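A short write-up of the structure that comes next.
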Amino acid sequence: MDQIYQLLAIMLGAILANNFIFSQFLGICPFLGVSKKVDTAVGMGIAVTFVMGLASAVCFLVNNYVLIPLGLGYMQTVAFILVIASLVQFIEMFLQKSMPSLYTALGVYLPLITTNCAVLGVVLLNVQNNYNFISSVVYGITGGLGFLLAIVLFASIRERLVFADYPKCWDGFPIALVTAGLMALAFMGFSGLKIW
Amino acid sequence: MNLKKQFMEGLLTQNPVLVQVLGMCSTMAITTSFFNGLGMGVAVIVILTLSNVIIAAIRKIIPNKIRIAMFIVVIAGFVTCVDLLIQAFVPDLASSLGVFIPLIVVNCIILGRAESFSYKNGVAASFFDGIFQGIGYTVVLLIMCIIRELLGAGTFGGGILGPDAKGIQIIPSQFPAGMLTLPVGGFLVLGCLIAAMQWALSRPKKNKEESK
């Protein structure tokens, strides 16, 4: 039962209260870069969720069964980024062969996931929080879902921003950042949700 | 060698944060006190300069197809070194920056400069590019820190004098808007700074057009 409560706490935290974008500032670059249209935002969100879940699982195994037994704990950052880069490459090849339609939809955003700091961030946080295998995977997937939620909401607001009338120097990133700031304020309301 | 041009590009016209809009995550996340900003800035200057030099030195033997992976390995190596050094000599900084030190690996500024500058230019030019771009990043971090700390907590220079030092109280503690030290403040302050930068950069052009 405790395990279930803990998992539930991790899920709620990762999606709402400690959302990766709005309270931990991880993955801001793709969040701002790929949020001009809702369609691409959805694609990016799903791809990131998938990679985050898979990376959490693989990096947990690499860390616990390769790095720690060999006493190479200090190589974590290098090992994790290599694992993530090869995972992304592998997914890219897999999608190209088996699901070409999804592959063309994601296009250039797929390789960019390597440098998404949310992916490396979730892996490092798993190690820092001493999560076990199941918790790590759940944290990875729900963290990705939180990213998906944030980027889809943000993209739908940005589509409407085109019609807004604001001073010219705020064009582009500044207005997007202020919008994201206001959304972060809204998400802060969830920090009252504490079941742990 | 046009050092002056590179310097101006790093600091103003091609500023990594305000104009190229790279490396946003760390910029917003850690700029809550002067100490954090300075530590992060120095770490990025060191890593950016070293990785720029190495990548410029080996650029001729890197196969074009796997260059991104090679860049990341070089950068990750230096980040690990700096991470271990910070943990050993400045443990307070390591605990307050937390996961954001290893995350310098995926800081887009470093990968961006590797791809767009040091892969195409010589060692010396890349060395100075690393220093100047790093300084540009640090200056923005410090400005953000000062604004957020002053308006959010009413203090200045928190953490410089000691790990738990609060900094000098400038605005009495009941007035500041605490919101600015929260994540929200990061988004809002950076948005305002980029807007100010866009306004400032668009002004001289207008003047020239008018004088014509």
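The values are calculated or read from the model by the stated rules, or taken from the named source; none is laboratory data. Since we're looking at a predicted model, the values are computed, not measured. Backbone-built Cβ (ideal geometry, glycine too); neighbour counts: all protein chains shown.
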Inset, instruction - Look at residue B:134 and say whether it is at pLDDT 90 or above and closer than 24 Å to residue B:92 by Cα. - result: yes
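Residues checked against (1) touching a Phe, Trp or Tyr at 6+ places or on another chain (Cβ under 9 Å); (2) crowded, with 16+ Cβ neighbours inside 10 Å; (3) over 23 Å from residue A:29 (Cβ atoms):
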site	(1), (2), (3)
B:44	yes, yes, no
B:56	yes, yes, yes
B:63	no, no, yes
B:71	yes, yes, no
B:82	no, yes, no
B:92	yes, no, yes
B:103	no, yes, no
B:117	no, yes, no
Legend entry - Residue under evaluation residue B:30, criteria (1) closer than 29 Å to residue B:156 by Cβ; (2) more than 9 Å from chain A (Cβ to nearest Cβ), criterion not met: (2)
Inset, instruction - For residue A:75, work out the one condition from (1) within 30 Å of residue A:158 (Cβ to Cβ); (2) over 15 Å from the mean Cα position of the chain (by Cα); (3) in a helix (DSSP H, G or I) it doesn't fulfil. - result: (1)
Inset, instruction - Any residue in the range B:94-121 that's of a type outside the set (A, V, I, L, M): show its pairings with residues that are not in a helix (DSSP H, G or I) at Cβ separation under 6 Å, as long as the two are six or more apart or on different chains. - result: B:100/B:30; B:107/B:23; B:108/B:22; B:108/B:23; B:112/B:22; B:119/B:59
Inset, instruction - Could you list all residues from the range A:168-191 that are without any contact (Cβ under 8 Å) to a residue 12 or more places away in the chain and small (Gly, Ala, Ser)? - result: A:172, A:181, A:186, A:189
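Can you tell me which residue in the range A:1-52 is farthest from the other protein chains (Cβ to nearest Cβ), limited to those that are aromatic (Phe, Trp, Tyr) and assigned to a helix (DSSP H, G or I)?
To start, the set of residues in the range A:1-52 that are aromatic (Phe, Trp, Tyr) comprises A:5, A:20, A:22, A:25, A:31, A:50.
Pick out the ones that are also assigned to a helix (DSSP H, G or I) and you get A:5, A:31, A:50.
Details: A:5: 25, A:31: 9, A:50: 18 Å.
Per the criteria, the residue is A:5.
For the structure I just gave you, tell me whether residue A:52 is among the hydrophobic types (A, V, I, L, M, F, W, C) and more than 16 Å from the chain's Cα centre (by Cα). Let's see the steps before the verdict.
On the way: among the hydrophobic types (A, V, I, L, M, F, W, C): yes; more than 16 Å from the chain's Cα centre (by Cα): no.
The answer is no for residue A:52.
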Inset, instruction - Would you confirm whether any residue within the range A:8-24 is more than 22 Å from residue A:152 (Cα to Cα) and hydrophobic (A, V, I, L, M, F, W, C)? - result: yes
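Grab the helices (runs of 4 or more DSSP H) fully contained in the range A:85-196, keeping just those with 1 or more residues being more than 13 Å from chain B (Cβ to nearest Cβ) and more than 24 Å from residue B:23 (Cβ to Cβ). Walk me through it before giving the result.
Working: elements: A:100-106, A:109-112, A:117-128, A:133-161, A:173-188.
The qualifying helices (runs of 4 or more DSSP H) are A:100-106, A:133-161.
Looking at B:97, B:12, B:38, B:3, can you tell me which residue is modelled with pLDDT under 80, closer than 21 Å to residue B:190 by Cα and among the aliphatic types (A, V, I, L, M)? Please lay out each step first, then the result.
On the way: B:97 fails: modelled with pLDDT under 80; B:38 fails: modelled with pLDDT under 80; B:3 fails: closer than 21 Å to residue B:190 by Cα.
When all the criteria are applied, what remains is B:12.
Give the residues of the range A:105-139 that are over 14 Å from residue A:44 (Cβ atoms) and surrounded by fewer than 18 Cβ atoms within 10 Å (Cβ to Cβ), sorted by residue number.
First pass over the range A:105-139, keeping only residues over 14 Å from residue A:44 (Cβ atoms): A:117, A:120-139.
A:128, A:129, A:130, A:132, A:133, A:134, listed by residue number.
Let me confirm something: among A:15, A:10, A:21, which residue is in contact (Cβ under 8 Å) with a residue 12 or more places away in the chain, touching a helix residue (DSSP H, G or I) at 6+ places or on another chain (Cβ under 6 Å) and crowded, with 24+ Cβ neighbours inside 10 Å? Full working, then the answer.
On the way: A:15 fails: crowded, with 24+ Cβ neighbours inside 10 Å; A:10 fails: crowded, with 24+ Cβ neighbours inside 10 Å.
Of the residues listed, the single one that is in contact (Cβ under 8 Å) with a residue 12 or more places away in the chain, touching a helix residue (DSSP H, G or I) at 6+ places or on another chain (Cβ under 6 Å) and crowded, with 24+ Cβ neighbours inside 10 Å is A:21.
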Legend entry - Near pairs, Cβ below 7 angstrom, 6+ apart or cross-chain, from the range B:31-60 (without any contact (Cβ under 8 Å) to a residue 60 or more places away in the chain) to any residue that is assigned to a loop (DSSP other than H, G, I, E, B): B:39/B:90
